[in-house]
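The values are calculated or read from the model by the stated rules, or taken from the named source; none is laboratory data. Source: prediction; values computed, not measured. Because the Cβ atoms are built from the backbone with ideal geometry, glycine has one as well, and the counts that use them run over all protein chains shown.
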Amino acid sequence: MMAHIPSALRSYTAQQGEVEVEGATLAEAMVGLERRFPGIRFRIITEQDRIRPHIRIFVNGEQAQHLAAPVRPDDHIHIVCALSGG
């Protein structure tokens with residue numbers, strides 16, 4: 001499946017905006033992403049294995065609430081970083 005990487009995290013993916021990931025769940029896909037691009041998972045997932053508050057993950061346009069969400073090889077994952085500041 002393809003994962004869209006937001007520009008704020010592309011320093012981990014050598015500026016690639018779309019990368020291939022594998023897994024049967026969103027959690028497995030994030031482990032695979034980390035294996036290919038060390039350090040990126042910590043920016044998306046907390047130490048308690050939860051999606052960080054400022055991150056949203058969408059699978060085929062539907063927001064995933066939990067890492068246990070199932071994914072299929074033809075799915076599209078979009079990782080979105082919330083903007084903050086003033």
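State all residues of the stretch 8-21 that are closer than 14 Å to ILE55 by Cβ and surrounded by fewer than 16 Cβ atoms within 10 Å (Cβ to Cβ); if no residue qualifies, say none. Explain how you work it out, then say what you get.
Initially, the stretch 8-21 is screened for residues closer than 14 Å to ILE55 by Cβ, giving 8-9, 12.
Matches in the stretch 8-21: ALA8 only.
Which one is farthest from GLU20 (Cα to Cα) among residues in the stretch 39-51 that are in contact (Cβ under 8 Å) with a residue 24 or more places away in the chain and not hydrophobic (A, V, I, L, M, F, W, C)?
ARG43
Just for strands (runs of 3 or more DSSP E) wholly inside the chain: which have at least 2 residues that are modelled with pLDDT of 95 or more and either in contact with a helix residue (DSSP H, G or I) (Cβ under 7 Å, 6 or more places away or on another chain) or among the β-branched types (Val, Ile, Thr) (or both)? Give the derivation first.
Values: elements: 2-4, 18-20, 55-59, 76-81.
It comes to 55-59, 76-81.
Determine the pairs where a residue that is on the phi > 0 side of the Ramachandran plot, located within the stretch 1-29, has a partner that is surrounded by 13 or more Cβ atoms within 10 Å (Cβ to Cβ) and part of a helix (DSSP H, G or I) with Cβ atoms under 6 Å apart, the partner being 6 or more residues away or on another chain.
What qualifies is GLY23/ALA29; GLY23/GLY32.
Find all pairs meeting these conditions: Cβ atoms under 6 angstrom apart; at least six residues apart or on different chains; first residue within the stretch 52-74 and at positive phi; second residue acidic (Asp, Glu) and surrounded by 13 or more Cβ atoms within 10 Å (Cβ to Cβ).
Taking only residues 6 or more apart or on different chains, the pairs are ASN60/ASP75.
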